[in-house]
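The values are calculated or read from the model by the stated rules, or taken from the named source; none is laboratory data. This is a predicted model, so every value here is computed, not measured. Reconstructed Cβ throughout: ideal geometry from the backbone, glycine too, with neighbour counts over all protein chains shown. Ligands, DNA and RNA are stripped out before the accessible areas are found, and what is left, the full protein with its side chains, is counted by its heavy atoms. Shrake-Rupley method; radii C 1.70, N 1.55, O 1.52, S 1.80 Å.
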Amino acid sequence: MPEATPMLRQYLDIKAAHPEAILFFRLGDFYEMFFEDAKIASGILNIALTSRDGTVPMCGVPAHAAENYLFKLVDKGLRVAVCDQMEEPGAAGAGIIRREVVRVVSRGTILEPNLLSEKRNNFLLALAGGQNGIGLAVADVSTGVFQTTQFEGGDAALRALEETERLNPVEVLLDPALEEMRGALTARTLAGAGGCRARAFSPRVAGEFLRRHFRVASLDAFGCAELHWATAAAGGLLSYLTETQKSALEQLERLQTYFPGERMVLDAQTRRNLELVRRLNGDEGDGTLCWAMDETVTPMGGRALRHLLERPHVRLERIRERLEAVAELVDDGLKRSRLRTGLRRVKDLERQGARAASRLAGPRELLGLAASLEALPGLKESLAGVDAPVLRELADRLDPLDDLTGVLRAGLAADAPGSLGEVGVIRSGYSAEVDRLRGLTRAGADWVAQLEATERERTGIRSLKVGYNRVFGYYLEVTRANLGAVPPEYQRRQTLASAERFVTPELKERETAILEAEAQLLELERALFVQVQDRVREAVHRILGSARALADLDLLASFAEVAVQRGYVRPEVDEGESIEIREGRHPVLDLALGAGEFVPNDVRLTGDERFLLLTGPNMGGKSTYMRQVALIVLLAQMGSFVPAKAARIGIVD
């Protein structure tokens, strides 16, 4: 390797701190990669591999299109460290521009909406433990979900693996103490099982890290104070995220401890056979129960449906409360319609809030957040006078966030650019100094625009043009045929094949004034935008609280819509041992075949008659009949109406 330049030494120092990642090193309008990183990336991205000084392999991608290239690398299981320029060119004087890694992107830390599946969570999962138990923690940094649980006993590892498979994470972090689980993880999930520092998974260190993040003296409020391995998994996962995302992760504003036995337990084989979210061949979409039941109109509602499908309720009171809410929305079509119309105005509020909290949201994204927030007061109003306790509870949890909407609308221009690299982010009238600087740049631009006509008239050169480029600034261009008419005060700056470019002292003076005003304006708008961002970050827990309330409202309204469209009935759910279904229909086949095509079936199982023997030829419908019963039970315990003429369901655990 030739003697390293200051820039290459800077690259090598930063790369040494992130040896496990492909380093996206910002150089002007490109992210460049060097050495082994360049060789790996060029093959995956199908871009040319060149060299610096003939010896250093390199390749690069345009910064404005970096997102898609980054995803291709991450999708192959690689991590990408994004190294940005932390100051404008020229700000460093004769020295080298300061650069820092602003985030490390992996499958489990993607925050870009167009790279994420809209109606499923993007889970990063961590496993930690020892001989007496295993802790599992899962987080979705794009939505703010953060949960942990613990498994104990001789089958702890097996149950942890089954829960991992249910959650279907895109990336797994493994405590070095559980290295023997790596093979089973790789076999059961599509996620790469990455390693983490052992110290991060120490229950003591992890507990301290969690308490510091949540600013609490004890983890009692989160339910995991005595669950050492659950604490270890959650703390280790949060430590990894903090280290790689270089942010305070305000979207992870609560930790929920759960226990799989609190909901209906569905093992992996049952979930596969019932085709809840995937077909038997592994495909998602058409033919699954999720597909048949999804009338949600928001991404949050779609994710809530998917979660509930695999973990139906077992508490009778909760099931009956949700059935009562669905019944009210079934009976009141106007209320249901108004609610669903309002929900359609809300985009992915969870992910909008999470990106804003991570300082990744640009001006237009914050305007999109404002548009979603503007729907909240109307949604809250549409729930006025509801009777069902669950609907009243969700209405109370819905924060209209009028104050934040006001800040966003007052601070951001309606036609703001997509990034902070351009002026025009801040709304006129928000800042007197922004308005003053904007006036100066406009006046200067107007003067330059008029200069062409003035100089044509003064010099008699009708083809004279005024132009601008980043190298020479503003200039007056005169064709060679008219050089004899050029006034003496014109100063030659550039020679072209057919023309000469000139400047005048007055033009340079105006240019300096314009560029200085634009630079000051850009810096001030950036500072004011950060202030607006900070207001959003301060309100992220309120945004996520409203988003989660909307998710549940969307889910309940979706259940009601399905019930009305397909003639579903409210099941009677109790703590008895009977399952009695009259004229039941398979919810997926009933939809796929069309109304009236599926032949209804009766089922009667009681404490005395607990077993039915089905006989018949192959392809005679035996498995369809069994699955139909199971799916109707699942729907009832989710709080949904069911495809039958009548149904009585004893709770299944």
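Details
- Estimated from helices alone, the mean residue ellipticity of the chain at 222 nm is -14500 deg cm²/dmol (sum of -39500 (n - 2.57) over DSSP H runs with n ≥ 4, per residue).
- Dipole axis of the chain (+1 Lys, Arg; -1 Asp, Glu on Cβ), positive-most option in VAL530, THR615, GLN450: GLN450
- Taking a sphere under 14 Å around the Cβ of SER558 and counting the other residues whose Cβ falls inside, with K and R at +1 and D and E at -1, yields a net charge of +3.
- Dividing the radius of gyration of the alpha carbons in the stretch 328-451 by their Kirkwood radius gives 1.17 for Rg/Rh.
- When +1 charges are put on Lys and Arg Cβ atoms and -1 charges on Asp and Glu Cβ atoms, the dipole computed for the stretch 558-616 relative to its Cα centre reaches about 260 debye.
- Dipole moment magnitude, nearest 20 debye, the stretch 1-98 about Cα centre, only Lys, Arg, Asp, Glu C-beta charged: 200
- Pairs spanning more than 20 Å between alpha-carbon atoms, out of LYS347/LYS380; LYS119/LYS645; LYS465/LYS508; LYS39/LYS72: LYS119/LYS645.
- Residues whose amide H comes within less than 5 Å of that of GLU572, counting only those at least five positions distant or on another chain, are ALA647, ARG648, ILE649 (H built at 1.01 Å from N in the peptide plane).
- Among the protein heavy atoms, those of LYS622 account for about 60 Å² of accessible surface (1.4 Å probe, every chain in place).
- Heavy-atom surface of the chain, accessible at 1.4 Å and reported per residue (Å²): 45
- Solvent-accessible surface ranking, highest first, for GLU374, GLU321, GLU577, GLU88 at 1.4 angstrom: GLU577, GLU88, GLU374, GLU321
- Ranked order, SER558, SER51 - accessible area, probe 1.4 Å, largest first: SER51, SER558
- Applying the Karplus relation 6.51 cos²θ - 1.76 cosθ + 1.60 with θ = phi - 60° to the stretch 540-552 yields 3J(HN,Hα) values of 4, 5, 6, 4, 5, x, 5, 4, 6, 5, 5, 4, 5 Hz, where x marks Gly and Pro.
- Long-range HN-HN contacts of ALA499 with modeled amide H, under 5 Å: ARG480
- Tilt relative to the chain, helix 203-214 - C-alpha long axis, 0 to 90 degrees, to 10: 60
- The residues packed around GLY362, meaning those with a beta-carbon under 13 Å from its beta-carbon, carry a net charge of -1 if Lys and Arg are +1 and Asp and Glu are -1.
- Extended-chain gain in nm, criterion 0.36 nm per residue less alpha-carbon gap, ALA414 and THR186: 77.3 nm
- The stretch 161-175 - phi-based ³J(HN,Hα) in whole Hz, Karplus 6.51/-1.76/1.60, Gly and Pro as x: 5, 5, 5, 4, 5, 4, 6, 6, x, 8, 8, 10, 9, 10, 4
- Karplus-derived 3J(HN,Hα) values for the stretch 123-134, using 6.51 cos²θ - 1.76 cosθ + 1.60 with θ = phi - 60°, are 8, 9, 10, 10, 10, 9, x, x, 5, 9, x, 9 Hz; glycine and proline are entered as x.
- The fraction of Cα-Cα pairs per 10 angstrom bin, counted from 0 for the chain, comes to 3, 13, 19, 21, 18, 11, 7, 5, 2, 1, 0, 0 percent, rounded to whole percents.
- Across the options ALA414, SER431, GLY467, the greatest Cα extent toward the positive end of the charge dipole of the stretch 385-520 (unit charges at beta carbon of Lys, Arg, Asp, Glu) belongs to GLY467.
- Legend: residues CYS290, CYS224, sorted from most to least accessible area (1.4 Å probe; ligands, DNA and RNA excluded), read CYS290, CYS224.
- Accessible carbon and sulfur surface of the chain relative to its total accessible area, %, 1.4 Å: 50
- Between helix 66-75 and the chain there is an angle of about 40 degrees, using the helix long axis and the longest principal axis of the Cα atoms.
- Summarising the amide proton neighbourhood of MET86: residues at separation of 5 or more, or on other chains, whose placed amide H is nearer than 5 Å comprise ARG98, ARG99, GLU100.
- Overall, the chain carries a charge dipole of about 920 debye about its Cα centre when +1 sits on the Cβ of Lys and Arg and -1 on the Cβ of Asp and Glu, all other atoms neutral.
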